[in-house]
Ligand SMILES: O=C(O)CCC(=O)C(=O)O
């Protein structure tokens, strides 16, 4: 379950790694069923009307006990332990489907850019529920960009975006995935996704993020003890519970 030394070194050098198939077939099916119920058959969308919107929903775990259980699954948590240590909280999850014909991009950003203030590096787990490539709105990354530190972002609608002149040097590189692949990347990895120009290939991803338990907003000083524990002193939490309640209405998608 944990990353091999080679995979961990790749993550540390490049800011990302494709860990391959860490979930069983029946687990992936259960996650896809819940994803479709909560994301595809609902009204929420991102993107713009001219290019074509796409289904999206934040915090699927609030609405699905099965997905909440998966947040404590060792396939995620054992890698999070290697990267973040023995005290970890769950940070955020979202379901995104770049459906066929949805042309709207998600522009270059770091996941840290979504917070109003600098925070420590955290971990994004991007679970491909379908095969993904540039053609159907898959990820592109700038390898090595995570090590170059936090970038300034500007808000474009609900999206935090790095203005072109502030992008780090590097060659944009597709990060393709097979259905079921689990990609891990740093919250400081500069990445984007384009539109889905395929005729029929959905591109569903369940994105689950973890942070160190002492994660704080370094500008406002806010402690994120409204995020539930996952590992405490190296022990798995039994359920997702936090010191303060989490208010989805206050948080940006
Ligand atoms: O899955 C996508 O299309 C975008 C994901 C992304 O950029 C993110 O999770 O920060």
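The values are calculated or read from the model by the stated rules, or taken from the named source; none is laboratory data. All values derive from a computational prediction rather than experimental measurement. FYI the Cβ positions are ideal-geometry reconstructions off the backbone, even for glycines, and counts take in every protein chain you see.
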Would a scan of region 60-72 turn up a residue that is in contact with a strand residue (DSSP E or B) (Cβ under 7 Å, 6 or more places away or on another chain) and within 14 Å of the ligand (Cβ to nearest atom)?
-> yes
The lone exception for residue 50 - which of (1) away from the ligand (no atom under 15 Å from the Cβ); (2) surrounded by 18 or more Cβ atoms within 10 Å (Cβ to Cβ); (3) at pLDDT below 95 it fails | (2)
Picked from region 95-111 (must be assigned to a loop (DSSP other than H, G, I, E, B) and within 9 Å of the ligand (Cβ to nearest atom)), the residue farthest from residue 47 (Cα to Cα) is 110
Considering region 128-160, residues that are in contact with a helix residue (DSSP H, G or I) (Cβ under 7 Å, 6 or more places away or on another chain) and at pLDDT 95 or above, and then whichever is nearest to the ligand (Cβ to nearest atom), we arrive at 129
Failed item in (1) buried (at least 19 other Cβ atoms within 10 Å of the Cβ); (2) not in a loop (DSSP other than H, G, I, E, B), with residue 188 passing the rest = (2)
If we keep just the residues of region 129-140 that are crowded, with 23+ Cβ neighbours inside 10 Å and part of a strand (DSSP E or B), which is nearest to the chain's Cα centre (by Cα)?
-> 139
Filter pass, residue 39 being touching a residue at least 12 places away in the same chain (Cβ under 8 Å), outside any loop (DSSP other than H, G, I, E, B), buried (at least 18 other Cβ atoms within 10 Å of the Cβ) and away from the ligand (no atom under 15 Å from the Cβ) = no
Scanning region 76-94 for residues that are over 13 Å from residue 236 (Cβ atoms) and in a helix (DSSP H, G or I), the one farthest from the ligand (Cβ to nearest atom) turns out to be 82
Unique residue being within 16 Å of the ligand (Cβ to nearest atom), under 19 Å from the mean Cα position of the chain (by Cα) and outside any strand (DSSP E or B) when the list is 205, 179 = 179
Count - residues of region 113-127 that are within 11 Å of the ligand (Cβ to nearest atom) and more than 12 Å from residue 15 (Cβ to Cβ) | 5
Cβ-Cβ under 7 Å pairs, at least 6 apart or on other chains, region 113-136 side under 30 Å from residue 222 (Cβ atoms), far side part of a helix (DSSP H, G or I) and away from the ligand (no atom under 11 Å from the Cβ) = 123/80; 123/83; 123/84; 125/76
Residue count, region 161-176, condition in a strand (DSSP E or B) and either within 9 Å of the ligand (Cβ to nearest atom) or farther than 17 Å from residue 13 by Cβ (or both), comes to 2
